[in-house]
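Visitor: Following this message is one structure expressed as structure tokens.
The values are calculated or read from the model by the stated rules, or taken from the named source; none is laboratory data. What you are looking at is a predicted structure, and each value in this text was computed from that prediction instead of being measured. When we count neighbours, we look across all protein chains shown, and the Cβ atoms used for this are built from the backbone with ideal geometry, even at glycine.
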There are 2 protein chains.
Amino acid sequence: MKLIRSITRMQRISRALKAEKKTIGFVPTMGYLHEGHCSLVRKSVRECDVTVMSIYVNPLQFGPAEDFTKYPRDLNRDAALAKKNGVDYLFVPDDSEMYPASYRTRVEVDGITRTMCGASRPGHFQGVTTVVAKLFNIVMPDSAYFGQKDIQQALVITAMARDLNLPIKIKVLPIVREPGGLAMSSRNAYLSESRRREVRIVYRALTAARGLIRRGERRSAVIIAKMKKLLSTIKSVKIDYIVIVDPCGLLPKKKIAGTTIIAAAIFVDNVRLIDNIVIKV
Amino acid sequence: MKLIRSITRMQRISRALKAEKKTIGFVPTMGYLHEGHCSLVRKSVRECDVTVMSIYVNPLQFGPAEDFTKYPRDLNRDAALAKKNGVDYLFVPDDSEMYPASYRTRVEVDGITRTMCGASRPGHFQGVTTVVAKLFNIVMPDSAYFGQKDIQQALVITAMARDLNLPIKIKVLPIVREPGGLAMSSRNAYLSESRRREVRIVYRALTAARGLIRRGERRSAVIIAKMKKLLSTIKSVKIDYIVIVDPCGLLPKKKIAGTTIIAAAIFVDNVRLIDNIVIKV
């Protein structure tokens, strides 16, 4: 595995790989890797000739009151995990090269960025689409891999790639969960062991929702009320949102029908965690 | 020369050309070609293995009160001119494929899009950067050619390409002028013969400015006053702006020093025309 710091060098490598007709799989991350990231890498390794992972904690996607500076970072551990799982090139650019002083371009997806995490984190998705557009132009992948945990992000990037005619396949892979059901997230590192156990309630609420639907419930309001009740049993958990939305516009659905996303965002000790399930009825 | 209508087909062709290691030169236009466009094509033909021209009157870059519907169009004449000058692929996409109903992504460059034409035409440059980003992803050129007549557009696209790490060289070629000095523009077609003669005053004002600077004048206010006085001699001409700006931020310069852009936009019979010169002292 090669560690690449320079944008120009990464572009030169990608261009050379394409000239050799190698397919490039790309896993963009903010580092502090967990099994979720590793599952994306292994999928890329199976599907593509070469796998590039980027690690970049993108300042543009953090709000001023958010956890940009304290976001967990451990490049040595990440590099070892990346190598072990089959990454060929680990791209770790610098802020100064990604956003020099003269930087002034933004990529923005409208509509589906306004709800859910977009409502709670203004500007977040503009930061995500901007950095991902840059990374796509640098790495020039054939396929890019994202986790379903950040389902809104995956749908926003899919929309961006489609709208801007990017010749890149966006692939969304299932959530990887810890034993007990907590969705893997770099931000879980912020939590004590007891809090980790407590926030399992989020996945329990999602599975309860699925249970209700399996038993015939179709009214979103009833399902959301049940989820809220469950979450309220854990004092440390503060709900940011619980929504039942359609996967196209991410707009609330009153009745469960077709493909439906049930998503939740919570705060625990000021740490924001998200999770979701996709239901087909 | 091949006429290509489908985005997918154009992408397939570009991908195949790149696999054969051919360099692609790209001349994006809104059609109604004139010698300015043709000079870009000939430069591309000299520099690249294959030249792609696009003709697309981009609705996104026109304001609601602007001339989108009446913008001059003549595909047969354009195709003949493109072929004659050496275009290999003429890409003419449809609105419905460029902006389907679900379309919701914008690319925006901040700062330099706020002055000059950006101030007069709100949203214009967002439309330009969005469509050019799309066209770049479809055509995948090595070099793209723009005319200096639209100098702000050329600088905005250069900023976008640099900021988004697009692996594309942006080349800006000199203004081609009609005898008498009028900068060639598709919009000149809106003008009667007598109006065409009258609007030569714009270039005369620019050359008068250059004359003043050559004779030692350095005060922008004095130069702009002289230009305004000259333009006021033609009743049909209404000034939109006359500016003396630096080429980085496109912000007004009080004194002429280093590289300086002198640019003018006028209305004549509700037709908006622009022109500029670049001065080095």
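Visitor: Go through the stretch B:237-281 and tell me which strands (runs of 3 or more DSSP E), entirely inside it, have 1 or more residues that are in contact with a Lys or Arg (Cβ under 7 Å, 6 or more places away or on another chain) and exposed (fewer than 15 other Cβ atoms within 10 Å of the Cβ).
Guide: Once the strands (runs of 3 or more DSSP E) in the stretch B:237-281 are filtered for at least 1 residues that are in contact with a Lys or Arg (Cβ under 7 Å, 6 or more places away or on another chain) and exposed (fewer than 15 other Cβ atoms within 10 Å of the Cβ), what remains is B:259-268.
Visitor: Give the residue that is farthest from the other protein chains (Cβ to nearest Cβ), with candidates limited to residues of the stretch A:75-94 that are small (Gly, Ala, Ser) and under 23 Å from A:Ala154 (Cβ atoms).
Guide: Applying the filter and picking the extreme gives A:Gly86.
Visitor: Considering only residues of the stretch A:161-177 that are closer than 18 Å to A:His37 by Cα and basic (Lys, Arg), which is nearest to the other protein chains (Cβ to nearest Cβ)?
Guide: A:Lys169
Visitor: Select, from B:Ile175, B:Ile213, the only residue that is assigned to a loop (DSSP other than H, G, I, E, B), touching a residue at least 40 places away in the same chain (Cβ under 8 Å) and in contact with a strand residue (DSSP E or B) (Cβ under 7 Å, 6 or more places away or on another chain). Show your work before the answer.
Guide: On the way: B:Ile213 fails: assigned to a loop (DSSP other than H, G, I, E, B).
Matching residue, one of B:Ile175, B:Ile213: B:Ile175.
Visitor: Do you know which residues across the stretch A:42-69 are without any contact (Cβ under 8 Å) to a residue 24 or more places away in the chain and either among the charged types (D, E, K, R) or not assigned by TED's automatic domain parsing to the domain that holds A:Ser143 (or both)? Even if it seems obvious, please write down each step before you answer.
Guide: Taking the stretch A:42-69 first, the residues without any contact (Cβ under 8 Å) to a residue 24 or more places away in the chain are A:46, A:64-65, A:68-69.
The answer is A:Arg46, and nothing else.
Visitor: Condition first: among the hydroxyl-bearing types (Ser, Thr, Tyr) and either surrounded by fewer than 23 Cβ atoms within 10 Å (Cβ to Cβ) or modelled with pLDDT under 95 (or both). Now tell me which residues in the stretch B:114-148 satisfy that.
Guide: Result: B:Thr115, B:Ser120, B:Ser143.
Visitor: I would also like to ask the following. Please go through the stretch B:1-17 and give me each residue that is touching a strand residue (DSSP E or B) at 6+ places or on another chain (Cβ under 7 Å) and either touching a residue at least 40 places away in the same chain (Cβ under 8 Å) or of a type in the set (Phe, Trp, Tyr) (or both), ordered by number.
Guide: B:Met1, B:Lys2, B:Leu3, B:Ile4, B:Met10, B:Ile13, B:Ser14
Visitor: Now for a different question. For a quick check of your reading of the model, give me the residue pairs whose first member lies in the stretch A:132-145 and is within 11 Å of chain B (Cβ to nearest Cβ), whose second is charged (D, E, K, R), with beta-carbon atoms closer than 7 Å and at least 6 apart or on different chains.
Guide: A:Met140/A:Lys18; A:Asp142/A:Lys169
Visitor: Here's a follow-up. Starting from residues that are touching a residue at least 12 places away in the same chain (Cβ under 8 Å) and at the interface with chain A (Cβ under 7 Å from one of its Cβ atoms), keep the ones in the stretch B:95-111 and report whichever is nearest to A:Val156 (Cα to Cα). Can you show your working first?
Guide: Just the residues of the stretch B:95-111 that are touching a residue at least 12 places away in the same chain (Cβ under 8 Å), to begin with: B:95, B:97-99, B:105-109, B:111.
This time we only want the ones that are at the interface with chain A (Cβ under 7 Å from one of its Cβ atoms), so: B:105-109, B:111.
Values: B:Thr105: 9, B:Arg106: 12, B:Val107: 14, B:Glu108: 17, B:Val109: 20, B:Gly111: 26 Å.
For the stretch B:95-111, the residue satisfying everything is B:Thr105.
Visitor: Related question: Here is a list of conditions, (1) assigned to a helix (DSSP H, G or I); (2) without any contact (Cβ under 8 Å) to a residue 24 or more places away in the chain, and B:Gly180 meets all of them except one; can you say which number that is?
Guide: B:Gly180 satisfies all of (1) assigned to a helix (DSSP H, G or I); (2) without any contact (Cβ under 8 Å) to a residue 24 or more places away in the chain except (1).
Visitor: How many of the residues making up the stretch A:16-57 are within 14 Å of another protein chain (Cβ to nearest Cβ) and either surrounded by fewer than 23 Cβ atoms within 10 Å (Cβ to Cβ) or of a type in the set (S, T, N, Q) (or both)?
Guide: Residues meeting the conditions: 10.
Visitor: Give me a count of the residues in the stretch A:48-59 that are touching a strand residue (DSSP E or B) at 6+ places or on another chain (Cβ under 6 Å) and under 15 Å from A:Thr23 (Cβ atoms).
Guide: The total comes to 4.
Visitor: Turning to a different aspect of this structure: Is there a residue in the stretch B:201-220 that is at positive phi and either surrounded by fewer than 19 Cβ atoms within 10 Å (Cβ to Cβ) or at pLDDT 95 or above (or both)?
Guide: Within the stretch B:201-220, one or more residues are at positive phi and either surrounded by fewer than 19 Cβ atoms within 10 Å (Cβ to Cβ) or at pLDDT 95 or above (or both).
Visitor: Then there's this: Just to be sure, is B:Thr158 buried (at least 20 other Cβ atoms within 10 Å of the Cβ), within 15 Å of the chain's Cα centre (by Cα) and within 14 Å of chain A (Cβ to nearest Cβ)?
Guide: Taking the combined requirement at face value, the residue does not satisfy it.
Visitor: Applying the selection to the stretch A:164-200, what residues are at pLDDT 95 or above, of a type in the set (A, V, I, L, M, F, W, C) and more than 17 Å from A:Ile234 (Cα to Cα)?
Guide: The answer is A:Leu164, A:Leu166, A:Ile168, A:Ile170, A:Val172, A:Leu173, A:Ile175, A:Val176, A:Ala183, A:Met184.
Visitor: Just wondering, is there one or more residues in the stretch A:185-196 that are assigned to a loop (DSSP other than H, G, I, E, B), free of Cβ contacts under 8 Å to residues at least 60 places away in the same chain and of a type in the set (D, E, K, R)?
Guide: No.
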